[in-house]
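Novice: Handing you a structure now.
Here, each number is a calculation from the coordinates, and none is a lab measurement. Only a predicted model underlies this, so the values are computations on that prediction, with no experimental measurement involved. Reconstructed Cβ throughout: ideal geometry from the backbone, glycine too, with neighbour counts over all protein chains shown.
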Amino acid sequence: MPDLLQIGGITDTMRERLSAAFTIHQLDHFDPEKITHIVTNGHSGVAPDLMASLPNLKAVSGYGVGYDAIDATEAARRGIIVTHTPNVLNQEVATTAVMLMLACYREVLRDDAYVRSGEWETKGGAPLTRSADNQTVGILGLGRIGQAIADKLAPWNAKIIYHTRNPKDVPYAYYDNLTDMARDADVLICITPGGPSTNKIVNAEVLAALGPQGTLINVSRGSVVDEKEMIKALQDGSLGWAGLDVFEGEPHVPQALRDLHNTVVLPHVGSATVETRAAMGALTVDNLLQHLKDGTVISAVPECAHL
Ligand code: NDP
């Protein structure tokens, strides 16, 4: 059987299906000459020196849609096909973004704590919150998931505006400048890929434009937001609220951020439901099995689509 290197965690179902077709090796014990396939995830990716040390590598299957931790350009140059799991997670990640937005607006965590602490009984009704209806929502990255977020916000009567590098054929106002969009938005939702082109594009200037009444939602990658500047702005009130699923040095989250009350923080669970992870796992395995069968894959990343 061909040799598969496993990087990061996989589900029991994935292991069962993969072990019927491959000998699975863990990172602590494998022969670099023998490895032809890799299964990995969006967090772990494939370290460049590891990829360089595998002369017979043919395909890398990523369990996730983001592949900023895999050098797909270098893989394509070597004829290695990289695959990912687009579309099957769109709705789940969009739900996470909307959930974070609603949790910020309606102060879900504060009010939950208010009930649990007994303050409701001793102090009376909780302070009022803000309505999430009729807001202008700026989407940074209107791709597969960004569009699903826009669709899910329709019942809240959101006015959608967006920033990407290239305008899309959509009925929303396009901004070629992110700061200008942030100035016009009540909420800024980040859902671009990570990597060098988006590194810290949500900088101090963008955060200031979003302003004291503004809400930042990040379900993309921690690298997209300048975390130090965001913490400063949340501390001094020049940014109102933040709902965050991803962090620069995750799973480490700076204490200053954990201490803030105008934030809702999640441990990178955008797609983490039983149903969606099953669909992602199935596609991750299907890509590898199809590659084994006839050398083709179902969902190559754009850099490898020509292979
Ligand atoms: P798509 O490729 O469909 O969409 C990406 C969008 O980002 C496009 O509209 C693209 O438009 C835009 N974009 C890319 N680079 C830039 C840039 N430098 N500046 C502005 N806009 C940019 O990806 P998906 O919607 O499928 O996924 C998006 C990302 O979401 C993933 O790459 C991943 O990082 C993140 N994600 C997070 C999850 C979580 O658990 N929190 C789960 C799943 C995904 P254009 O090319 O015109 O700029």
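Novice: ALA204 versus ASN56, label points 7 Å from Cα toward the beta carbon: distance in nm?
Specialist: With each label point 7 Å from Cα toward Cβ, the separation is 5.4 nm.
Novice: Write down the percent of antiparallel bridges among all DSSP beta bridges whose residues are both part of the chain, to the nearest 5. Spell out each step's value before the answer.
Specialist: Values: 2 of 41 bridges.
Among the beta bridges of the chain, antiparallel pairing accounts for roughly 5 percent.
Novice: Right, here's the next one. Compute the Rg to Rh ratio over the stretch 137-239 from the alpha carbon atoms, using the Kirkwood formula for Rh, and round to two decimal places. Don't skip to the answer; put the middle values down first.
Specialist: On the way: Rg = 12.7 Å, Rh = 13.5 Å.
Across the stretch 137-239, the Cα-based Rg/Rh ratio is 0.94.
Novice: A follow-up question, please. What is the list of residues in the stretch 266-299 whose amide nitrogen lies under 19 Å from a point 7 angstrom out from the Cα of ALA20, following Cα to Cβ?
Specialist: What the label zone holds, given the 19 Å backbone N cut-off, is 278-295, 298.
Novice: Once the dipole of the chain is set up with Lys and Arg at +1 and Asp and Glu at -1 on Cβ about the Cα centre, which of GLN6, SER271, ALA173 lies farthest towards its positive end?
Specialist: Of the listed residues, the answer is ALA173.
Novice: Explain nothing, just the number: relative contact order of the stretch 1-127, from Cα pairs under 8 Å at least 6 residues apart, as a whole percent. Write out the running numbers ahead of the final one.
Specialist: On the way: 155 pairs, mean separation 22.9, N = 127.
Reported relative contact order: 18 percent.
Novice: Starting from the 7 Å offset along Cα-to-Cβ, what nm value, one decimal, do you get for the label separation of HIS29 and TYR174?
Specialist: Using points 7 Å along Cα→Cβ, the separation is 5.6 nm.
Novice: Relative to the Cα centre, what is the charge dipole magnitude of the stretch 250-307, using +1 at the beta carbon of each Lys and Arg, -1 at the beta carbon of each Asp and Glu, and rounding to the nearest 20 debye? Spell out each step's value before the answer.
Specialist: Values: 3 positive and 6 negative charges, 18 e Å.
It works out to roughly 80 debye.
Novice: Please find the FRET efficiency linking GLN235 to LEU128, where r is the Cβ-Cβ separation and R0 is fixed at 22 Å, and quote it to the nearest 0.05. It would help to have the intermediate numbers written out before the result.
Specialist: Working: r = 23 Å, r/R0 = 1.06.
E(calc), rounded to 0.05, equals 0.40.
Novice: Please list 246-257, 117-128, 200-211 highest first by mean number of surrounding beta-carbon atoms within 10 Å per residue.
Specialist: Working: 246-257: 14.2, 117-128: 9.7, 200-211: 19.7.
In descending order of packing, they fall as 200-211, 246-257, 117-128.
Novice: For the chain, what's the relative contact order in percent, using C-alpha pairs closer than 8 Å and at least 6 residues apart?
Specialist: Values: 580 pairs, mean separation 56.4, N = 307.
Taking the mean separation of contacting Cα pairs over the length of the chain, I get 18 percent.
Novice: Now, a different point. Report the charge-dipole magnitude of the chain in Debye, nearest 20, computed about the Cα centre from +1 at each Lys and Arg Cβ and -1 at each Asp and Glu Cβ.
Specialist: Working: 24 positive and 36 negative charges, 69 e Å.
Roughly 340 debye, rounded to the nearest 20.
Novice: Ok, one more. Which FRET efficiency value, to the nearest 0.05, do you get for ALA282 and ASP151 by plugging their Cβ-Cβ distance into 1/(1 + (r/R0)^6) with R0 = 22 Å? Each step should come with its number before you reach the end.
Specialist: Values: r = 24 Å, r/R0 = 1.09.
About 0.40, to the nearest 0.05.
Novice: Binning at 10 Å from 0, report for the chain what percent of all alpha-carbon pair distances ends up in each bin.
Specialist: So the P(r) values, bin by bin, are 6, 26, 30, 22, 13, 4, 1.
Novice: How high is the relative contact order of the stretch 232-307, in percent, counting Cα pairs under 8 Å that sit 6 or more residues apart? Before the final figure, lay out the partial values.
Specialist: Numbers: 42 pairs, mean separation 16.5, N = 76.
Dividing the mean separation by the residue count of the stretch 232-307 yields 22 percent.
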